[in-house]
Amino acid sequence: MDERKKAAESAAAHFAFEGTMQQIGPFGNGHINETWLARFEIGLMGPLYVILQRINTTVFREPERLMENIQGVTEWLRRKIIEEGGDPERETLTLIPSKDGKSFYRDEDGQYWRAYRFITDATCYDQAESADDFRQSAVAFGQFQRRLADYPADSLYESIPGFHDTAARLAVFRKTVTEDVCGRRSEAEKEISFVLSHAYLAECYSRAAAKSPLPLRVTHNDTKLNNVMIDNKTHKGICVIDLDTVMPGLVMNDFGDSIRFGASTALEDEPDLSRVSCSLDLFTAYTEGFMQECASRLTDAEISLLADGALVMTYECGMRFLTDYLQGDTYFRIGYPAHNLVRARNQFKLVADMEEKLPRMRHIVASAAKTAAAVERARIPAEG
Ligand code: ADP
Ligand code: GN1
Ligand code: MG
């Protein structure tokens with residue numbers, strides 16, 4: 001930790017921060033980047049906080065191109081938020097440039113760093129404290145989707161190729177099981193069988209697309225609850241963060257990943273599987289919030305697949321955790337040796353529960369879509 005802290009401290013000196021750095025410490029619960037919170041003192045103005053992140057370059061191979069994405073997307077969102085009369089400092093991430101005016105700093109070891117203004121008086125939750133908070137996170141992701149609807153998708157670099165290509169991930173999984181480089185296969189026979197017996201989920205969208213095309217949109221692709229900030233006072237979802245995976249993608253995946261993480265009755269790594277299930281109350285709250293923001297922009301084919309998206313994303317994420325376990329934990333940050341196996345078991349319990357609840361989930365989506373359409377119809381003449 002000391003070495004890492006020293007590296008963070010010396011990286012901090014290369015950003016255009018003002019004042020004197022008083023303190024720096026690890027922050028947040030992200031699995032990918034290394035996040036630090038630094039406290040500065042600016043004369044009589046008191047403390048000011050910034051987020052400093054070391055970009056995970058094992059995961060993000062071309063950090064400079066990644067930062068171009070983030071710069072483009074945050075500037076775009078900033079303009080939209082100002083047009084809508086919002087507060088751009090709180091409603092989107094603000095990059096702090098390096099002293100030489102770049103959006104990142106590359107240190108002597110070739111590590112890449114970036115800095116953001118710290119969004120104060122807001123929290124990223126690992127679990128929804130209430131259905132209403134979860135509904136607010138849906139509104140924030142729905143707004144994000146709406147604000148980026150006309151973003152030039154072609155200008156976005158694909159930061160992780162095939163990120164949500166579940167079928168390709170299944171192929172990697174099969175190969176990983178065969179190779180068994182860490183000799184861990186025997187620890188995970190039941191979970192491996194689960195993945196193989198649910199391979200139909202990897203074909204869900206291609207089956208649907210054969211009947212009706214599924215549009216590619218600018219999506220976030222990592223819409224878990226702790227990637228949205230909830231205002232401590234108003235409890236509104238104010239800012240979508242963690243923009244590394246903003247790429248052209250499918251809206252069902254953004255919806256589905258939120259459900260996977262936030263509608264579960266337990267944390268993503270809860271080992272007691274009796275506590276893990278998909279809460280239909282939380283599912284309903286999220287669906288209503290999301291539909292309220294963007295139902296009118298979605299096609300019937302997309303709406304009819306949203307609930308299935310929750311299954312696909314949960315299956316894919318469980319498979320990714322299990323693949324990482326079998327490969328020796330090189331991707332997701334772990335807290336103990338079997339962490340990824342525990343996470344995978346947890347996700348598969350959730351998949352099984354969602355399979356049972358799928359008809360009800362589809363029904364909830366359909367009726368939220370109907371309500372959103374009725375609200376939209378009532379609003380248009382009044383405005384016109
Ligand atoms: P990772 O890719 O590792 O998940 P994130 O970008 O999501 O990294 O950041 C990790 C955590 O740091 C977030 O869940 C959040 O708690 C916190 N965080 C990141 N950016 C900010 C910010 N600008 N203001 C406040 N907190 C932030
Ligand atoms: C990672 O970066 P973070 O912690 O928000 C991962 C997601 C997974 C998630 C599981 C770039 O998200 O895809 O769904 O962990 N992000 C990346 O918690 O791989
Ligand atoms: Mg994150």
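The values are calculated or read from the model by the stated rules, or taken from the named source; none is laboratory data. On a predicted model such as this, the values are computed, not experimentally measured, just so you know. Heads up, the Cβs are rebuilt from the backbone with ideal geometry, glycines too, and the neighbour counts pull from every protein chain shown. These area figures cover heavy atoms from the full protein model, side chains too; ligands, DNA and RNA do not enter into them. Shrake-Rupley method; radii C 1.70, N 1.55, O 1.52, S 1.80 Å.
TYR125 is checked against (1) under 27 Å from SER264 (Cβ atoms); (2) in a helix (DSSP H, G or I); (3) of a type in the set (Phe, Trp, Tyr) and fails just one. What number does that condition carry?
(2)
Which residue is nearest to TYR49 (Cα to Cα), if the candidates are limited to region 118-135 and must be surrounded by fewer than 18 Cβ atoms within 10 Å (Cβ to Cβ) and charged (D, E, K, R)?
Taking the candidates together, the pick is ASP121.
What pairs can you find where one residue is in region 30-48 and closer than 13 Å to GLU18 by Cβ, the other is within 16 Å of ligand 1 (Cβ to nearest atom) and open to solvent by less than 30 Å² (accessible area, probe 1.4 Å), and their Cβ atoms are less than 6 Å apart, with a gap of 6+ or different chains?
Final answer for the pair search is ALA38/ALA12; ALA38/ILE24; ALA38/VAL50; ALA38/LEU52; LEU48/PHE40.
Go over the candidates PHE27, PHE15, PHE40 one by one and state the one that is outside the structural domain of GLY335 (by TED's automatic domain parsing) and within 16 Å of ligand 3 (Cβ to nearest atom). Spell out how you get there, then give the answer.
On the way: PHE15 fails: within 16 Å of ligand 3 (Cβ to nearest atom); PHE40 fails: within 16 Å of ligand 3 (Cβ to nearest atom).
The match here is PHE27.
What residue, of LEU280, LEU306, LEU267, LEU273, is at pLDDT 95 or above, within 16 Å of ligand 1 (Cβ to nearest atom) and farther than 30 Å from PHE104 by Cβ? Walk me through it before giving the result.
Working: LEU280 fails: within 16 Å of ligand 1 (Cβ to nearest atom); LEU306 fails: within 16 Å of ligand 1 (Cβ to nearest atom); LEU273 fails: within 16 Å of ligand 1 (Cβ to nearest atom).
That would be LEU267, the only listed residue that is at pLDDT 95 or above, within 16 Å of ligand 1 (Cβ to nearest atom) and farther than 30 Å from PHE104 by Cβ.
Before we move on, is GLY28 open to solvent by 20 Å² or more (accessible area, probe 1.4 Å) and within 15 Å of ligand 2 (Cβ to nearest atom)?
Details: open to solvent by 20 Å² or more (accessible area, probe 1.4 Å): yes; within 15 Å of ligand 2 (Cβ to nearest atom): yes.
Taking the combined requirement at face value, the residue satisfies it.
Among the numbered criteria (1) among the aliphatic types (A, V, I, L, M); (2) farther than 15 Å from ARG217 by Cβ; (3) surrounded by fewer than 22 Cβ atoms within 10 Å (Cβ to Cβ); (4) within 16 Å of ligand 2 (Cβ to nearest atom), which one does ALA263 miss?
(3)
Working only within region 136-158, note down all residues that are touching a strand residue (DSSP E or B) at 6+ places or on another chain (Cβ under 7 Å), within 16 Å of ligand 2 (Cβ to nearest atom) and either open to solvent by 50 Å² or more (accessible area, probe 1.4 Å) or in a loop (DSSP other than H, G, I, E, B) (or both).
Of everything in region 136-158, those that are touching a strand residue (DSSP E or B) at 6+ places or on another chain (Cβ under 7 Å), within 16 Å of ligand 2 (Cβ to nearest atom) and either open to solvent by 50 Å² or more (accessible area, probe 1.4 Å) or in a loop (DSSP other than H, G, I, E, B) (or both) turn out to be LEU156, GLU158.
Could you list, in sequence order, the residues of region 100-122 that are within 16 Å of ligand 1 (Cβ to nearest atom) and either of a type in the set (Val, Ile, Thr) or not in a loop (DSSP other than H, G, I, E, B) (or both)? Spell out how you get there, then give the answer.
Let us first name the residues in region 100-122 that are within 16 Å of ligand 1 (Cβ to nearest atom), namely 103-104, 111-122.
If the condition is that a residue be within 16 Å of ligand 1 (Cβ to nearest atom) and either of a type in the set (Val, Ile, Thr) or not in a loop (DSSP other than H, G, I, E, B) (or both), then TYR112, TRP113, ARG114, ALA115, TYR116, ARG117, ILE119, THR120, ALA122 are the ones that fit.
Scan region 335-349 for residues that are open to solvent by 60 Å² or more (accessible area, probe 1.4 Å) and either not aromatic (Phe, Trp, Tyr) or not assigned by TED's automatic domain parsing to the domain that holds MET313 (or both) and jot them down. Before you say what the answer is, go through the steps one by one.
Narrowing region 335-349 to residues open to solvent by 60 Å² or more (accessible area, probe 1.4 Å): 335-337, 345, 349.
Residues satisfying the conditions are GLY335, PRO337, ARG345, LYS349.
Anything in region 297-335 that is within 16 Å of ligand 3 (Cβ to nearest atom) and part of a helix (DSSP H, G or I)? List them, or say none.
Hits for region 297-335 are MET313, CYS317, ARG320, PHE321.
Restricting attention to region 198-254, which residues are assigned to a loop (DSSP other than H, G, I, E, B) and more than 16 Å from ligand 2 (Cβ to nearest atom)?
Going through region 198-254, the residues assigned to a loop (DSSP other than H, G, I, E, B) turn out to be 198, 212-216, 220-224, 232-236, 241-242, 246, 250.
Those that are assigned to a loop (DSSP other than H, G, I, E, B) and more than 16 Å from ligand 2 (Cβ to nearest atom): HIS198, SER212, PRO213, LEU214, PRO215, LEU216, ASN232, LYS233, THR234, HIS235, LYS236.
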